[in-house]
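Trainee: Starting off with a structure, shown below.
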Amino acid sequence: MAFEFFQRSSRTGVGGIRCPSSAVVSRNGNMGDDGEQGSSPRAVFGSEMDAEQPEPSGQNGQDGQDSAHVEALQQRLQAPDAVMEPDIIDVLGDYMKSNMLLYGADADAVAVDVVRFLEGGYEGYAHMGSLVCSWLRGVEGNEDNDEEDEEEEEEDADDDRGPKRQRVGTPNSTTVRNSGTVNDNNNAAVTDVDGAPADEAWFLRELILEKFKPSTFENLFTSGGGGPPRWLNALVSEPGGRELIFQLSNKHDDSLLLSFALKKIVSKGYDEEVARKDVDLSRYFDVYHGILMVRLRALASTNDEREISRLNGLIQRSALSSMLGYLHVRQVLTRLASDGERKGKPWASRFRRMYQDLEAASKDGLACKMSRCFVELMCSKGDGEAKVDISFVAASVIGDVLATAVGGHVAPASDVIKLQQLYSGVALDDAGLKSGRLPSVTLLHHPLLVEVLLRTMFNPSKRLRGDALDAHAFVLSVAVCGLDEVSGETRGSSASIAEQPAVARLTGLIRAAVLLSHKATEDILLTEEEKLQARSSMSEGICATGVLVLLRKKLTSAEYWSSAYHVHKEPPFLTLLFSIVDTQPDMHGDVFSLVKDAMQAAGTLTAGTDVVMGLVRVLIELCKTGHVEDILAWAVSWARNANTDISRVLVLGLLEIAAPPYSGLFVESTVKLMNAANLRRQSMGSRLWNAKRDTIKEFYLNIEADHAHLALGKSEKSYLRDLGHCLT
């Protein structure tokens, strides 16, 4: 019964209303007795009822639809505690008018029926809540605090502060203090955590959260226990009721009643709400597994990237809420990925990436170390015990590397050298393994492992050399080279992976990219042969990615720009950036992002002007490849506070590569840039002006007729007039 009250009072916020058996409803919603404060039905709805009285003719009334409407209204009036619903006046008026219009009934007769319906359905849940709360206002739940309360009341009386201070709250006043606010004055007001006035539902919810005991309901589902209570269905159907169940579930580890309630919530289609509330369902395993299956089926059947990302996030968040949840999700995803790959299912790689992302999202590295537990699932069915054993050793080392690198740390060189030995066959004899098989190559196909290896090799503050560099380059090349299990097996040759042409070639290119990038960022010019080698390395996406990792670490550092000084007019690392722009069109966005962040870090400092000039040239190269709109949109904002000499290089470079007819967006953005760069003869100087005059004039003549139609401000329009005078 108390649970049913919770549904109703949480919806209406009404409590403590007198409702004697003879009460009727007035227009303003007050309850009164006939002949006293309450008015008769005709007095309440007088003019409306008189105006709409049906003609006493022999009409057959309205159609069946009107009759159904009247029946629905009658059901609303007969519902339990209908008199407490906020829209009861509208329902009552609609019912009376519909009855009179449809059946020609007398208003007083209909009113008698209405009163009977409301009186018969009155259960008094609000009365009960008000009564309970009135008890709570006068009684402190913690008996140990009785003496303290008496002392406080005596102090209040001595200080002449008015009536005794009421302690308003749940049975445990500490709960109220933590979850709501009590104003300590004559009219004590309590608010919930959202700042709204706390009604009976709020007090009752706090009471249930404090007093609920799972043992009270443990016999409900046994033989003769009576089954789930009747009020549970109604509680599940209400948002406030479900919220109470979620709070209780997070508080109590094991409850048959709560487990049943959670299953019912999911079965009624509220599984999305369960996920949004971050309810820890790992303690209710069958419910947790059911929601996981719903998510995975949806993932396997959609190609919508947004939906995939959303579902992946929900699964990841629930899995990381507890170790049990993580282990279960990890095992299910691993099994789906392995079985799907064997059967050629298109979603197999999706689930593999999901458990890899799950490991990467682990903050403490423990999940990475636990990867070794799933090695047998990841190996193929035809793999022997020796292959599983050596794969377990490799997975243990990989787990240690990833766990150490969580939080941005570099990979331990000794562990990477162990991996090189395992995958090149060198460590087989030392380990005493009888089979010549190598570990599963799939273990290396982990995005977090690739990220860690790149971060370690392309680290501006620590250079790898010798065996450590060779080991990192080899392991990274095997991880990204696309080897399958067949070509990765030794088949009697312990060096089959190391001798794979693709692996050997990529290992050499990665090693060269590391050495050349470190040399270039140390302001050492590259030879012509090294420039050709750099271009060859940048043609491989993994090498280009590594160089961008190093340059981002270097160029976005405030320390770098505060002391940037280059002997050479053009920074040597620009050769690498130009090579990436030429050979990696899919990475243009990454290059643009790097340049933006680097120029923001540079600010208006003059120490690195030559570097910024070089980065502007990279932007111009990107414009040649079609990224004009994105760069212009950023440049307009950047140029407002930029060095005019630098912004002038950018806008002049854009004018040289652009050709008419120009788009409206290009013209508007370019004019704003020209104005910000102060592209005038007197500020540029005669020599530069004469060199660029024809380029500027061509642009001006092509847009001269459209000046009036451009979305330009007063400053830009004034600039164009001045520019026209300079060009004539």
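The values are calculated or read from the model by the stated rules, or taken from the named source; none is laboratory data. Computed from a predicted structure; not experimentally measured. Here Cβ is always computed from backbone atoms with ideal geometry, including for glycine, and neighbour counts include all displayed protein chains. In case anyone asks, the SASA skips ligands and DNA or RNA and just uses the protein heavy atoms, side chains included. Shrake-Rupley method; radii C 1.70, N 1.55, O 1.52, S 1.80 Å.
Trainee: Which condition from (1) modelled with pLDDT of 90 or more; (2) farther than 18 Å from G589 by Cβ is the one that I542 breaks?
Mentor: It fails just one condition, (2).
Trainee: Let me ask another. Which of (1) within 28 Å of A337 (Cβ to Cβ); (2) modelled with pLDDT of 90 or more; (3) buried (at least 22 other Cβ atoms within 10 Å of the Cβ) is the odd one out, the single condition L444 does not satisfy?
Mentor: L444 satisfies all of (1) within 28 Å of A337 (Cβ to Cβ); (2) modelled with pLDDT of 90 or more; (3) buried (at least 22 other Cβ atoms within 10 Å of the Cβ) except (2).
Trainee: Can you tell me which residue is farthest from L548 (Cα to Cα) among those in region 510-524 that are open to solvent by less than 20 Å² (accessible area, probe 1.4 Å) and of a type in the set (A, V, I, L, M)?
Mentor: Among residues in region 510-524 that are open to solvent by less than 20 Å² (accessible area, probe 1.4 Å) and of a type in the set (A, V, I, L, M), the one farthest from L548 (Cα to Cα) is A512.
Conditions (1) in contact with a Gly (Cβ under 7 Å, 6 or more places away or on another chain); (2) in a loop (DSSP other than H, G, I, E, B); (3) surrounded by 14 or more Cβ atoms within 10 Å (Cβ to Cβ); (4) at pLDDT 75 or above, marked per residue:
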| position | (1), (2), (3), (4) |
| --- | --- |
| D278 | no, yes, no, no |
| R283 | no, yes, yes, no |
| N303 | no, yes, no, yes |
| L311 | no, no, yes, yes |
| H328 | no, no, yes, yes |
| T334 | no, no, yes, yes |
| S338 | no, no, yes, yes |
| E341 | no, no, yes, yes |
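Trainee: Taking interchain pairs and intrachain pairs at least six residues apart, which have beta carbon atoms under 6 angstrom, with the first residue in region 115-131 and of a type in the set (D, E) and the second at pLDDT below 80 and open to solvent by 20 Å² or more (accessible area, probe 1.4 Å)?
Mentor: Within 6 Å, the pairs are E119/S21.
Trainee: Here is a follow-up. Filter region 70-86 for residues that are open to solvent by 60 Å² or more (accessible area, probe 1.4 Å) and without any contact (Cβ under 8 Å) to a residue 40 or more places away in the chain and give the result.
Mentor: Within region 70-86, E71, Q75, R76 qualify.
Trainee: Here's a check for you: in region 87-127, which residue that is farther than 30 Å from F203 by Cα, part of a helix (DSSP H, G or I) and small (G, A, S) is most open to solvent (accessible area, probe 1.4 Å)? Steps first, answer last, please.
Mentor: Taking region 87-127 as the starting set, the residues that turn out to be farther than 30 Å from F203 by Cα are 92-116.
When the remaining residues are screened for being part of a helix (DSSP H, G or I), the result is 92-103, 107-116.
This time we only want the ones that are small (G, A, S), so: 93, 98, 107, 109, 111.
Details: G93: 7, S98: 23, A107: 0, A109: 53, A111: 9 Å².
Looking at residues that are farther than 30 Å from F203 by Cα, part of a helix (DSSP H, G or I) and small (G, A, S), I get A109.
Trainee: Within region 594-605, can one find any residue that is farther than 17 Å from A676 by Cβ and polar (S, T, N, Q)?
Mentor: No: zero hits.
Trainee: Here's something else I'd like to know. Condition check: within 26 Å of S424 (Cα to Cα), part of a helix (DSSP H, G or I) and modelled with pLDDT of 95 or more. Does A513 satisfy that?
Mentor: Against the criterion (within 26 Å of S424 (Cα to Cα), part of a helix (DSSP H, G or I) and modelled with pLDDT of 95 or more), A513 qualifies.
Trainee: Has region 460-471 got at least one residue that is acidic (D, E) and either modelled with pLDDT under 80 or under 29 Å from F351 (Cα atoms) (or both)? Please lay out each step first, then the result.
Mentor: Going residue by residue through region 460-471, those that are acidic (D, E) are 467, 470.
When the remaining residues are screened for being either modelled with pLDDT under 80 or under 29 Å from F351 (Cα atoms) (or both), the result is none.
No: region 460-471 contains no residue that is acidic (D, E) and either modelled with pLDDT under 80 or under 29 Å from F351 (Cα atoms) (or both).
Trainee: Given (1) loosely packed, with under 15 Cβ neighbours inside 10 Å; (2) farther than 18 Å from L650 by Cβ, identify the lone condition not met by L720.
Mentor: Answer for L720: the failing condition is (1).
Trainee: Of all residues in region 660-716, count the ones that are open to solvent by 70 Å² or more (accessible area, probe 1.4 Å), out of contact with any helix residue (DSSP H, G or I) (no Cβ under 7 Å at 6 or more places or on another chain) and within 18 Å of A635 (Cα to Cα).
Mentor: Total satisfying the criteria: 0.
Trainee: A further question follows. Please pick out the residue among A411, A394, A403 that is at pLDDT 75 or above, outside any helix (DSSP H, G or I) and under 16 Å from H446 (Cα atoms). Spell out how you get there, then give the answer.
Mentor: Values: A394 fails: outside any helix (DSSP H, G or I); A403 fails: outside any helix (DSSP H, G or I).
Being at pLDDT 75 or above, outside any helix (DSSP H, G or I) and under 16 Å from H446 (Cα atoms) holds for just one of A411, A394, A403, which is A411.
Trainee: If you scan region 458-485, which residues turn out to be more than 17 Å from S537 (Cα to Cα) and not in a helix (DSSP H, G or I)?
Mentor: Across region 458-485, the qualifying residues are N459, P460, S461, K462, R463, L464, R465, G482, L483, D484.
Trainee: Considering only region 583-640, state which residues are within 34 Å of the chain's Cα centre (by Cα) and acidic (D, E).
Mentor: D586, D590, D597, E629, D630
Trainee: Another one. Consider T575 carefully, then state whether it is among the hydroxyl-bearing types (S, T, Y), out of contact with any strand residue (DSSP E or B) (no Cβ under 8 Å at 6 or more places or on another chain), at pLDDT below 95 and crowded, with 17+ Cβ neighbours inside 10 Å. I'd like the intermediate steps shown before the answer.
Mentor: Details: among the hydroxyl-bearing types (S, T, Y): yes; out of contact with any strand residue (DSSP E or B) (no Cβ under 8 Å at 6 or more places or on another chain): yes; at pLDDT below 95: yes; crowded, with 17+ Cβ neighbours inside 10 Å: yes.
Answer is yes for this residue.
Trainee: Restricting to region 548-598, name every residue that is in a helix (DSSP H, G or I), in contact with a helix residue (DSSP H, G or I) (Cβ under 6 Å, 6 or more places away or on another chain) and among the polar types (S, T, N, Q).
Mentor: T575, S579, T583
Trainee: Would you confirm whether any residue within region 557-564 is open to solvent by less than 20 Å² (accessible area, probe 1.4 Å) and aromatic (F, W, Y)?
Mentor: Taking region 557-564 as the starting set, the residues that turn out to be open to solvent by less than 20 Å² (accessible area, probe 1.4 Å) are 561, 564.
In the following step, the residues that additionally are aromatic (F, W, Y) were identified as 561.
Yes, because at least one residue in region 557-564 is open to solvent by less than 20 Å² (accessible area, probe 1.4 Å) and aromatic (F, W, Y).
Trainee: Only one of these is out of contact with any Lys or Arg (no Cβ under 9 Å at 6 or more places or on another chain), on the phi < 0 side of the Ramachandran plot and outside any helix (DSSP H, G or I): A705, A711. Name it. Before you say what the answer is, go through the steps one by one.
Mentor: Numbers: A705 fails: outside any helix (DSSP H, G or I).
Result: A711 is the single residue among A705, A711 that is out of contact with any Lys or Arg (no Cβ under 9 Å at 6 or more places or on another chain), on the phi < 0 side of the Ramachandran plot and outside any helix (DSSP H, G or I).
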